[in-house]
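The values are calculated or read from the model by the stated rules, or taken from the named source; none is laboratory data. This one's a predicted model, so the numbers in the text were calculated from it and none came from an experiment. Here the Cβ positions follow ideal geometry from the backbone for every residue, glycine too, while neighbour counts run over all protein chains shown.
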Amino acid sequence: MATDRKIGDVVLDVRNISLSFGGVKALSDISFDVREHEIRAIIGPNGAGKSSMLNCINGVYMPQEGAISFRGRTFMHMNSRQVAEMGLARTFQNLALFKGMSVLDNIMTGRNLKMKCNLFQQAIRWGAAEREECAQREQVERIIDFLEIQPYRKTPVGRLSYGLQKRVDLGRALAMEPSLLLLDEPMAGMNVEEKQDMSRFILDLNDEFGTTIVLIEHDMGVVMDISDRVVVLDYGRKIGDGAPDEVRLDPDVISAYLGTTH
Amino acid sequence: MGFFLETLFGGLMSGMLYSLVALGFVLIYKASGVFNFAQGAMVLFAALAMARFYEWIPHLLGFDNKVLANLLAFGAAVLVMIAVAWLIERLCLRHLVNQEHITLLMATLGVSYFLEGFGQVLFGSDIYKIDIGMPKDPVIVLERVFQGGLLINQEDLYAAAIAAALVFALTLFFQKTATGRALRAVADDHQAAQSIGIPLGRIWIIVWSVAGFVALVAGAIWGSKLGVQFSLSLVALKALPVVILGGLTSVPGAIIGGLIIGVGEKLSEIYIGPMFGGGIEIWFAYVLALVFLLVRPQGLFGEKIIDRV
Amino acid sequence: MLYRENGQFKSTYRADQQIFPILQDRIAIGLFLFAAFAVVPMLASEYLLRAILVPFLILSLAALGLNILVGYCGQISLGTGAFMAIGAYAAYNFEVRIPGMPLLVALLLGGACSTAVGVLFGIPSLRIKGLYLAVATLAAQFFTDWAFLRIRWFTNDSSSGSVSVASLDIFGLAIDSPARKYLLCLAFLVVFALLAKNLVRGAIGREWMAIRDMDVAAAVIGIRPVYAKLTAFAVSSFIVGVAGALWGFVHLGSWEPAAFNIDRSFQLLFMVIIGGMGSIMGSFFGAAFIVVLPVILDALPRWFGLNVDTALSAHLTYMIFGALIVFFLIVEPHGMARLWSTGKEKLRLWPFPH
């Protein structure tokens, strides 16, 4: 946990969010906030609604009640493109990579918002579009270096191991130069070394670039180590909110979710 | 008014034929999640088989009885369609388990082309007659209500009756039998059904055979009315809008969708057609389906499609 | 041994991103283009040019357009024939109604009209996918079949929908010989292929592929599905429209709506599937295959001394097409283009096994 950053004001404010699918209530009246430059973890047993919460934040699901404020703008329903333009990016639990493309192309799609050449310029390619492609490529290569996946840049993502695919997913999110990054179980399915690498990446992001990070994670050890504050969900309700040490000792949390350190 | 009713009946009857073909679509989709582009080709193939067997079998076995010839020809055609179902499962479907829908759709497109060519190679490409003894003369009804009465085709009435019986039997099959339930499980998720021990291959053969049977009935009726020829498979393409209207998973939907399209086509041709120069039958069904797709994609009776992340 | 990248290191992104990064490929393409432009017209027979090469070039162009929509953006379309028809008839109208209209402009305007309609029919794709979209595109197909048959204005009052064009010329140079027609079509194909390749390897190409692979994730990155899908329809129908205009003007000379019917749509879809979805090269392979196969099937029995009537060989063609579709979908869903690139990879290692 990096202590020499300054944790700033509230940048994301989730208020009274309720979400149902048909008869199933996925989220009930959830409220919490996220401050700039912090690392906020969302934890809870399986089915608690963590991914659904993330999906609401970035506009994949539309909650029936409540509102979300991001950088001072309040949304009833988040518009994916709008929040992407405002600097919000995420990774997915099930990866959601573009299987037909290479690592490089996948991460390049993250630069899409920054690319300004129109259709005709791209068709000609020579001139403005070529310069833009090269400039964006340079940014993407920095991310590839950061994530240490250089040998795989031209490989179709479908052929990579799970751990590497997770890094590409992260890379694609990073390519958007987000100020707020939502990570959906970034360590799932990884061994100890891979988890250490991923934790290192997350901390570096937060340290070097000041990226605010909201992450869903099951591994208690990781959560305790790297996060500043924790939200605990269970059956779609919030049952805990605070610093990791406080939350760990909360009786409600303990009974709902026996946290184990892996 | 009399003319309107006649047109209406005519439309209902041709709609009934579309429904029969659509029924085959719905069966296969309901039970295996596959959108069978080849249904029209199957109708043609089955009709060709029956028409030719009707000619060949009496020659081969040396008798003259028409009813017997029809029965044997029908039976032989059923066997042929079961063989076709078996081959399609073995050579095509088995290897495409759990591919995306688009892939399966295009595979059935390939099967359709293959069957069209193969059918004509095996059975010939002239126009053939099917005569299943349906009375061809029209009857005049309601003479006292309308002047001159209404002209109704007896053949169409018989066709409607047969179709209704078929629908009833199929609905029972899906709802009440264990095989029917297994078929519905398969339609939902191939791999899941496989993993609980449902024999996917056998199920698919059953479904495609039943669809082949339905195609045969449709082909026999249609062939009896119009003669068996290559254009049968093109008319059968019109069953696509029918299933869109009725809902891909609904047997009653196929019937009602077919009736709506049949009636709609005829009425629009007579009453709206002249404004546009006529001939709007070729696109009416599709444009109607398009409108439905924009407004209510699941059709009248289908299940709502949910896209999950 | 010959096909190695040894020593070919790229020191700029620009070099790394070129269309043909390997030197041997660049040489091969150069030679190939030279042969296509300079050698073939001199050596090929009139029959070869007229009946095989010109249709191949135009259908390659159409398949290229369709591949952008189906292969790169994942939107299925069974109405390609309709867009070819729109291109052809629109170009015809521009040429006939506006005196002094240059041929090239008429062809491109035909493509533009096709684009407008293409975008219109792309709107359903925003709400429906897959097989539902297929039926919607069929609506386009049958509607245009009817429109060009019945709406007199489109066909300059022809009662059967059939039209014909007078002699063609570009900047005063008459395009009358098969060789010149071949060169015109070849020029169009090369230019459009280059533009298409640039689009496909650029930002919009990645957007299309993202929509194809996973449209929800694409939206989260900030890709607008509406823009991506409609541009795919627009670009695709433009190319298909120009191809249709070429088909009518250069290949057929005179045509009626049946030239662009549903069989044409299926034929183009087959080219894309067999050739390779999501591959520019694949469009060429597919077109070559589908143009050449019936010719071979026709000629083959004669080589063996058998007499096969045309009806039978037509049926056999259907059977073989159908069987090949299924074969490719099972064995190599990425079509001949994937077989080609796998072959090249093996060639890179040859004579070593791995």
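With the condition kept exactly as written, say whether any residue in the stretch A:60-67 is within 14 Å of chain C (Cβ to nearest Cβ) and within 20 Å of A:Ser179 (Cα to Cα).
The answer is yes; a qualifying residue exists.
Just a yes or no: is a residue in the stretch C:157-178 in a helix (DSSP H, G or I), more than 30 Å from B:Gly279 (Cβ to Cβ), more than 14 Å from chain B (Cβ to nearest Cβ) and modelled with pLDDT of 85 or more?
yes
Taking C:Met1 and the conditions (1) modelled with pLDDT under 80; (2) touching a helix residue (DSSP H, G or I) at 6+ places or on another chain (Cβ under 7 Å), which numbered condition does it fall short on, given that it satisfies the others?
(2)
Out of the helices (runs of 4 or more DSSP H) lying entirely within the stretch B:221-284, which hold 1 or more residues that are in contact (Cβ under 8 Å) with a residue 40 or more places away in the chain?
Once the helices (runs of 4 or more DSSP H) in the stretch B:221-284 are filtered for at least 1 residues that are in contact (Cβ under 8 Å) with a residue 40 or more places away in the chain, what remains is B:231-236, B:239-246, B:251-271.
With C:Ile290, C:Ile296, C:Ile330 as the choices, which residue is surrounded by fewer than 19 Cβ atoms within 10 Å (Cβ to Cβ), more than 13 Å from B:Val111 (Cβ to Cβ) and of a type in the set (A, V, I, L, M)?
After ruling out the rest, the residue left standing is C:Ile296.
Would you check if B:Gly273 is within 9 Å of chain C (Cβ to nearest Cβ) and surrounded by fewer than 24 Cβ atoms within 10 Å (Cβ to Cβ)?
Spelling it out, it is not the case that B:Gly273 is within 9 Å of chain C (Cβ to nearest Cβ) and surrounded by fewer than 24 Cβ atoms within 10 Å (Cβ to Cβ).
Could you list, ordered by first residue, the pairs with Cβ atoms under 6 Å in which the first is in the stretch A:129-153 and within 12 Å of chain C (Cβ to nearest Cβ) and surrounded by fewer than 17 Cβ atoms within 10 Å (Cβ to Cβ) and the second is assigned to a helix (DSSP H, G or I) and of a type outside the set (A, V, I, L, M), at least 6 apart or interchain?
Sorted first by the residue in the stretch A:129-153, then by its partner, the pairs are A:Cys134/C:Tyr13; A:Cys134/C:Arg14.
Considering each residue of the stretch A:203-234, count those that are on the phi > 0 side of the Ramachandran plot and modelled with pLDDT under 85, and give that number.
Of the residues in the stretch A:203-234, 0 are on the phi > 0 side of the Ramachandran plot and modelled with pLDDT under 85.
Quick one: which residue in B:Ile260, B:Ile282, B:Ile255 is under 24 Å from C:Ser125 (Cβ atoms) and touching a helix residue (DSSP H, G or I) at 6+ places or on another chain (Cβ under 8 Å)?
Of B:Ile260, B:Ile282, B:Ile255, the one residue that is under 24 Å from C:Ser125 (Cβ atoms) and touching a helix residue (DSSP H, G or I) at 6+ places or on another chain (Cβ under 8 Å) is B:Ile282.
Pairs under 6 Å by beta carbon, first residue over 11 Å from C:Ile76 (Cβ atoms) in the stretch B:98-115, partner polar (S, T, N, Q) and in a helix (DSSP H, G or I), six or more apart or different chains?
These pairs meet every condition: B:Asn98/B:Gln191.
One line per residue, one yes/no per condition, for (1) loosely packed, with under 13 Cβ neighbours inside 10 Å; (2) of a type in the set (Phe, Trp, Tyr); (3) farther than 19 Å from C:Phe37 by Cβ:
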residue: C:Ala147; (1), (2), (3): no, no, yes
residue: C:Trp153; (1), (2), (3): yes, yes, yes
residue: C:Asn156; (1), (2), (3): yes, no, yes
residue: C:Ser164; (1), (2), (3): no, no, yes
residue: C:Ser167; (1), (2), (3): yes, no, yes
residue: C:Ser177; (1), (2), (3): no, no, no
residue: C:Arg180; (1), (2), (3): no, no, no
residue: C:Cys185; (1), (2), (3): no, no, no
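Taking the condition of being β-branched (Val, Ile, Thr), over 12 Å from C:Met209 (Cβ atoms) and either at the interface with chain C (Cβ under 8 Å from one of its Cβ atoms) or under 18 Å from the mean Cα position of the chain (by Cα) (or both), how many residues in the stretch A:94-113 meet it?
1
Might you check whether a residue that is free of Cβ contacts under 8 Å to residues at least 12 places away in the same chain and among the aliphatic types (A, V, I, L, M) occurs anywhere in the stretch C:54-70?
Within the stretch C:54-70, none of the residues are free of Cβ contacts under 8 Å to residues at least 12 places away in the same chain and among the aliphatic types (A, V, I, L, M).
Looking only at residues in the stretch A:79-125 that are touching a residue at least 40 places away in the same chain (Cβ under 8 Å) and among the hydroxyl-bearing types (Ser, Thr, Tyr), which one is surrounded by the fewest Cβ atoms within 10 Å (Cβ to Cβ)?
Ranking the candidates gives A:Ser102 first.
Can you tell me which of B:Pro199, B:Pro241 is of a type outside the set (Gly, Ala, Ser) and surrounded by 18 or more Cβ atoms within 10 Å (Cβ to Cβ)?
The unique qualifying residue is B:Pro241.
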